Amino acid sequence: MRYLDFSQPRAAALLVSACCFYVSTVAAQWPNTPLATSGRWITDSSGNVVQLAGVNWPSHTAAMIPEGLQYQSIASIVSRVKQAGFNVVRLTYASEMIDQLYAGGQQQPSPDVSLRSAVNAVFGSGDAGALLDGILSHNPSLSADTTRLALFDAIAAECARQHIYIHLDNHVSKAGWCCTPLDGNSWWGDTSFDVGNWTRSLSYMANHGKSWPSLISMSLRNELRPPLNNISLLGTSYNWATWYTQMQLGAAAIHSANSDLLVYLSGLDGDTTLGPVVQATPLTPGQNTFDRDDFAPNFAGKLVLELHVYWNIEGALSGGSIESLSTTCDPLNTYLDKAGFSTLTNTSDRSRTQYPMVLTEFGFDQSPSQLASLLTTTTNGNSATGYAQCLFAYLRDRQVPGWMLWPLSGSYYIREGERDADEPWGLLTHDWSGWRADQFINEVVRPAVQDTLKIAGKKPLTSESNGAGAGDGGTAGGSAENGSNGDGKSWGNICKGQLDFAMLLGIAAAVAASNMLMR
């Protein structure tokens, strides 16, 4: 038997190849799904932490197709998402899109309507022609007969190609701009919010999305709010007990159709509070408290909580303001903790009070007159202040599992009757060709993305001594300085041990390969 001399180039090359082969086969391939939860973390199928940093792509307005396609191709829009470093898109939809498939009370769905029919229904055959021509000219793989759902499929395919996750959001029942307490979409039983239609749409989209490798999760409902147009419904039904019953129904609808998906539960008052859920207090007017076990069997590891924050509104309502954050971040930090983000650091009865919490909507006016305030980095001691800086610092310091900026859209096909409406809060320009505020993206957003995603890929820490910490970025059961994992082992030593093991196996593989070659 002859053995290779590893000092020779050919043998060394075989050794390197074998090691690389081992590492590449062990390293999980994207998307490494289905995802699950582990305490306050989201994890992949290998048990490693998944962090989400992304953006909202609205698709729930009157035409019920994703925005911006009259200006840019699907590929260019997704590439722009990728360019910023984002790894997830929150893709919204309206239940009405599914309702139309069951029009007339039929039990089986009809074929979805075409893009031609979708835009004609909103704009009329005359004005719709120019819009449709723009969509097709920028997206030649589509045709006027392409269905709306096929368009969603095309976006999902491109997201998968560029390794961007999709989170599907049930934004409204009746398609249109969201949200007000008077729009009929506010609460179960509201004018347009039929419970049966809602669960049907959740089930349908969960099943439809099975063919999307990029689909990792779905929300149950965007921004539940008081139905002020129906005082009787408001007085008898708008409460946590009703919320709990309906959340279980919605979660079961998704899980029975696609058990791989994470399910996001939003809160009350426009999804600004989940206090009773994370504090394990009674879901009034009843006495029950939130319990994973009340949901579908084998569902405990699939529940994620979500909240929204718009400090221009909530700050004023809670006695704060944008200006109040110019000297300290404390008012915003206190507000977010109370709203529900305290779940990430709960140490008491963690099995009942600790969940992943994702900030699925927040945003900033990026008009030229507002840009300076977004870039302000007034320092107070060692901390930067200002609204954007305070919020992103909170997301970083609390190691929040995910966040999604509102919105990507530079414009809308139609918004509250205005055609081709501009969106000053949109990350993209009106024609979706570039960033609305490059400096904001480069100096604020990209660093925030990097801060969030650097935690990914590590094992979640589950020490009972603390609710936070992943990998060497946290402090759970150990010091952030030495990167302890709570068992006296540093992450550096663990990784080194894994690398040594990989090298040993690689060497063994190289030796075996050399023996075969030399026979």
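Spacing of the modelled spin labels on Asn197 and Asn312, each 7 Å from Cα toward Cβ, amounts to 3.1 nm. Derived scalar couplings between HN and Hα for the stretch 68-75 equal x, 6, 6, 10, 9, 7, 4, 4 Hz in order, rounded to whole Hz, by the Karplus curve 6.51 cos²θ - 1.76 cosθ + 1.60 (θ = phi - 60°), x for Gly and Pro. Relative to one another, the C-alpha centroids of the stretch 42-93 and the stretch 333-347 are positioned 27 Å apart. In order along the stretch 352-369, phi translates into HN-Hα couplings of 9, 10, 10, 9, x, 10, 10, 8, 8, 8, 6, x, 9, 5, 10, 4, x, 5 Hz, rounded to whole numbers, per the Karplus curve 6.51 cos²θ - 1.76 cosθ + 1.60 with θ = phi - 60° and x for Gly and Pro.
Mean separation of Cα pairs under 8 Å and 6 or more residues apart, divided by the residue count, gives the stretch 145-230 a relative contact order of 43 percent.
Over the stretch 143-197, the pair-distance histogram of Cα-Cα distances with 5 Å bins from zero comes to 4, 16, 18, 14, 15, 16, 12, 5, 0 percent, rounded to whole numbers.
Remark: the Cα gyration tensor places the stretch 263-313 in the oblate category, a/c being 1.5 or greater and a/b not exceeding b/c. The amide H of Ser173, built 1.01 Å from its N in the peptide plane, has Ser95 as neighbours under 5 Å, considering only residues 5 or more places off or on other chains. Only the Cβ atoms of Lys and Arg (+1) and of Asp and Glu (-1) were treated as charged; on that basis the dipole of the stretch 58-190 about its Cα centre amounts to roughly 380 debye.
Under 5 Å from the amide H of Arg90 lie the amide H atoms of Val55, Asn56, Trp57, His167, each residue being 5 or more positions distant or on a separate chain, with H modelled from the backbone and absent for Pro and chain starts. Site pair Gln370 and Gln29 shows an inter-label distance of 4.3 nm when each label is modelled 7 Å from Cα along Cα→Cβ.
With the cut-off at under 14 Å, measuring from each backbone N in the stretch 180-204 to a point 7 Å along the Cα-to-Cβ line of Ser232 picks out 189-191. Placing dummy labels 7 Å off each Cα toward the beta-carbon, the span from Thr328 to Gln439 is 2.9 nm. The value of relative contact order for the stretch 194-262, using C-alpha pairs under 8 Å at least six residues apart, is 54 percent.
Only the coordinates and a few stated rules stand behind these numbers; no lab work does. Given the structure is predicted, the values throughout are model-derived calculations rather than measurements. Ideal geometry is used to build each Cβ from the backbone, glycine not excepted, and the neighbour counts take in all protein chains shown.
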